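Asker: Got a structure for you, written out below as structure tokens; questions coming shortly.
The values are calculated or read from the model by the stated rules, or taken from the named source; none is laboratory data. Only a predicted model underlies this, so the values are computations on that prediction, with no experimental measurement involved. Positions of Cβ are backbone-derived with ideal geometry, glycine not excepted, and every protein chain shown enters the neighbour counts. The area values use the complete protein model at the heavy-atom level, side chains included, leaving out ligands, DNA and RNA. Shrake-Rupley method; radii C 1.70, N 1.55, O 1.52, S 1.80 Å.
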Amino acid sequence: MSGQSETMSQRLPSWTRIPPQQLLALLVVVATAIALLVGGWMWSTAPDYKVLYSNLSDKDGGAVIAALQQQNIPYKFAEGGGALLVPAEHVHDLRLKLAAQGLPKGGIVGLELMEGQRFGSSQFLEQVNYQRGLEGELARSIQSLQAVQGARVHLALSRGTAFLREQAKPSASVLVQLHPGRTLDPMQVAAIVHLVSNSVPDLSTKNVSVVDQNGSLLSADGNGSGTSGANIDTKQLKYRQETEQSYIKRIEAILAPVLGNANVRAQVSAELDFSEVEQAEETYKPNQKAEDAAIRTSQTSEQTAAGNNAAASGVPGALTNQPPQTGGAPLEGGKQAQSPSAAVAAANLRKESAVSYEVDKSIRHTRIAQGRLKRLSVAVVLNDRKVTDDKGKVTSKPLTDAEKQQITELVKGVMGYDKDRGDTLSVINSAFNAPEAEKIADVPLWKDPSTIAMAKEGGKYLLLAALVLFVLMKLKPVIRNLSRPPGPPAAPVELLQAPENPEGPAPRPQIDRYETTLQSAKQIARQDPKIVANVVKDWVAGNEQ
């Protein structure tokens, strides 16, 4: 019977032989271990949140959160609700998608106000909404600049009327809030002024004022130059700087291969003429010879007097009515005498000739462009030449006069030296003072950002490994007890009781079933070995069957 009970106990699962208290403790340990492992895995794989938008208005924040909820994107707030965080892998994708939806709007209302006009609204209300929308659109455009964090535009527009001859000119005021550490240069201020001026009809640049968040007036003269004295054109200043830098780069580029990049310093001062001159000339040359001149007009006229009008001449009588006779021999000096009739015909014939020649004239229109170069002043400083001796020692050696002359000729060719224009060139050789190397303090290893990031990443895995090791250490004794083979069958109750021996030791308190049975079996074996022998004999006999 004892053998059958032993066989049935061996067939039962190991966990059924664990006492209830120990089984409960095992379940608690296993549940705790699973919770720690799951928590560690979730913590190690938690997404890294980054800022999607910061300083959102309540209206824009609600619209953005609604869009995130529609896309099932997790989010959370930071910095007291001033920043909206999303997983890092979704930041850029979400910004593009939200921008396509027109979010965030930045709390500025644009011309979309005109879309919600109600039927029957007054003309004054329409004008006010149009002005608000125009101000909002201008503010959005100005906010697109990198240095501008926020902007507000105020327009003062006059309503046209037919009862006033002179209408008030519109004006505008712009308030810009710059990012920390950012500034606006005069060119950017002028760009803002022209942007506002060209967006409003009849708005002059002189009537546009730009103010920053510190109360500094950036456009004092209305054209963005920031100066209230002489009108300094920023374009002219920029053109002059570009011209000087162009000459400097050309001079250093031609001398760098000869002396080295760090051994040449050049400065150029360019005097430019920005006056715009337009000139017209008309020149007449002296009279040329008749045969070389071009005939413009030629006019010839002849006049002959009639016979009736001729005066009576000759000797009255028969001879006068006779035709004229041929000339005879010359009377004086070989000249033939002219008859009175021929003299009268010659006196009645008259010829006139008028010739006009072209006059040489030249007309020239000359327009001198702005930015004409008037004078150049160039200064070049050369470092001493580095010489290395046979022992490898480096020393400085001044340039020779011949080398300086060659360099001077090179610079003259590059700058286009013109003595008549008043150009000046100065080439000096001097040893440069080497700047002291900036000592950068070594960052301790425990302060290095890369080390900190690597430590955080490694700490996750170390903590997860520690949790696994802790769970294994707690489960190891339980697994060992489950894998231990079952002990001998329980002895009879009368054998488990201590013999009546007043001098013997007091019975030991029962710890658990297994330990009590083991101690009782040992005690019986010491006191009565025959019983143990019989039990072993029964086991052997049962195995044989």
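Asker: Among the residues of segment 450-479, what is the count of those that are open to solvent by 80 Å² or more (accessible area, probe 1.4 Å) and either closer than 30 Å to P20 by Cβ or modelled with pLDDT under 75 (or both)?
Answerer: Count: 7.
Asker: Among Q236, Q241, which is part of a helix (DSSP H, G or I), open to solvent by 30 Å² or more (accessible area, probe 1.4 Å), modelled with pLDDT of 90 or more and of a type outside the set (A, V, I, L, M, F, W, C)?
Answerer: Q241 is the lone residue from the list that is part of a helix (DSSP H, G or I), open to solvent by 30 Å² or more (accessible area, probe 1.4 Å), modelled with pLDDT of 90 or more and of a type outside the set (A, V, I, L, M, F, W, C).
Asker: Shifting gears a bit: Which is modelled with pLDDT under 80 and either surrounded by fewer than 14 Cβ atoms within 10 Å (Cβ to Cβ) or within 30 Å of the chain's Cα centre (by Cα) (or both), of P87, P20?
Answerer: None of the other options fit; the residue is P20.
Asker: Provide a single number: the residues in segment 353-379 that are within 51 Å of the chain's Cα centre (by Cα), farther than 21 Å from L272 by Cβ and of a type in the set (V, I, T).
Answerer: Total satisfying the criteria: 0.
Asker: Only strands (runs of 3 or more DSSP E) wholly contained in segment 343-421 count here; list those with 1 or more residues that are closer than 30 Å to D233 by Cβ and open to solvent by less than 60 Å² (accessible area, probe 1.4 Å).
Answerer: So the answer is 361-368, 372-382.
Asker: Scan segment 234-258 residue by residue and report those that are within 23 Å of K386 (Cα to Cα) and touching a strand residue (DSSP E or B) at 6+ places or on another chain (Cβ under 7 Å).
Answerer: The answer is I251, E252, L255, A256.
Asker: Quick one: would you say L96 is loosely packed, with under 13 Cβ neighbours inside 10 Å, at pLDDT 75 or above and within 27 Å of L175 (Cα to Cα)?
Answerer: Here the answer is no, as L96 does not meet what is asked.
Asker: Additional query: Answer yes if at least one residue in segment 54-61 is open to solvent by less than 30 Å² (accessible area, probe 1.4 Å), under 13 Å from P104 (Cβ atoms) and modelled with pLDDT of 85 or more, and no otherwise.
Answerer: no
Asker: Right, here's the next one. Which numbered condition in (1) surrounded by 14 or more Cβ atoms within 10 Å (Cβ to Cβ); (2) closer than 14 Å to L134 by Cβ is the only one that N198 fails?
Answerer: (1) is the only condition that N198 fails.
Asker: Consider only pairs whose beta carbons are under 6 Å apart and that are at least six residues apart or on different chains; among these, list those whose first residue lies in segment 377-402 and is farther than 20 Å from A256 by Cβ and whose second residue is surrounded by 10 or more Cβ atoms within 10 Å (Cβ to Cβ) and small (G, A, S).
Answerer: S377/S269
Asker: Go over the candidates S225, S219 one by one and state the one that is in contact with a strand residue (DSSP E or B) (Cβ under 6 Å, 6 or more places away or on another chain), assigned to a loop (DSSP other than H, G, I, E, B) and at pLDDT below 90.
Answerer: Of S225, S219, the one residue that is in contact with a strand residue (DSSP E or B) (Cβ under 6 Å, 6 or more places away or on another chain), assigned to a loop (DSSP other than H, G, I, E, B) and at pLDDT below 90 is S219.
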